[in-house]
Amino acid sequence: LEAMIDTTGKKPHPGPGANWMDPKYGPVGATTHLGTGMVTVWGNDPKGHKDNAWKIVREIETDGAGVFIRTHPTSDYVWADQTKHPEPEVQQSVQVISKATGEIVKTIRVTEEAGKAALHMEFNQDGSEVWVSVWNRADNSNPTGEIVVYDAKTLKEKTRIKGLTTPTGKFNVYNRTNHVT
């Protein structure tokens, strides 16, 4: 164990989070919180940026508590879901955050269908697309879930893959085995 990082958020998600090169703080890691609408960003380079190592450098307030956060080295953005928020409109939206400034640049309403939530973003191998799951919380045995594909630069929807049953996790094997988060 290198360090314990105290955060003001409630229940930081223990998943892989997201990692990128911040122009101000150097290499950083980030996670969402299961109980707070927040993304916590910390320095994670004790050799090259020891002043920021294992310290919180940004706390970004989001509209709702989330589970998944993802980025790609070729992307200017970090994507965070808000699936733990009680309001459907927030559950159905993801927030896109600038890696350079920590500002939320766009909130995307992925679905407006009752009982559904947007979660788990995953980039394709070259980082040109972001795939977001739409999960049917009301009836997870019914194949009405979707994967919505976005252009990673323009943030515009490209297509929808429909007729899926709770497509929560869709893991890009290349990105995962090469620690592209």
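None of the figures in this text is laboratory data; all of them are computed from the coordinates on show. Quantities reported herein were computed from a predicted structural model and do not represent experimental measurements. Using ideal geometry, Cβ is built from the backbone for each residue, glycine included, and neighbour counts are taken over all protein chains shown.
Odds and ends about this structure:
- Computed 3J(HN,Hα) for the stretch 86-100, one whole-Hz value per residue from the Karplus formula 6.51 cos²θ - 1.76 cosθ + 1.60 where θ = phi - 60°, is x, 7, x, 4, 6, 4, 8, 10, 10, 10, 10, 10, 6, 5, 6, glycine and proline marked x.
- Between Trp54, Trp20, Trp79, the Gaussian network model of the chain with springs among Cα atoms under 10 angstrom shows the greatest mean-square fluctuation at Trp54.
- Taking Gln125, Gln82, Gln91 in turn, the Gaussian network model of the chain (Cα-Cα springs below 10 Å) assigns the largest fluctuation to Gln125.
- For Lys10, a cut-off of 20 angstrom between C-alpha atoms picks up these aspartates and glutamates, skipping any fewer than 8 places away in its own chain: Glu59, Glu61, Asp63, Asp81, Glu87.
- Residues with amide H under 5 Å from that of Phe68, placed H, sequence gap 5 or more: Asp81, Thr83, His120
- R0 of 35 Å, Cβ-Cβ distance Ala114-Asp51: FRET efficiency to nearest 0.05: 0.10
- Site pair Lys158 and Phe171 shows an inter-label distance of 2.3 nm when each label is modelled 7 Å from Cα along Cα→Cβ.
- Charge dipole (Cα centre; +1 on Lys/Arg Cβ, -1 on Asp/Glu Cβ; no other charges) of the stretch 18-168 amounts to roughly 280 debye.
- Radius of gyration (Cα atoms) of the stretch 18-168, expressed as a multiple of 2.2 N^0.38 Å: 1.06.
- With a threshold of 25 Å on the Cα-Cα distance, the over-threshold entries among Lys11/Lys55; Lys99/Lys162; Lys84/Lys162 are Lys99/Lys162.
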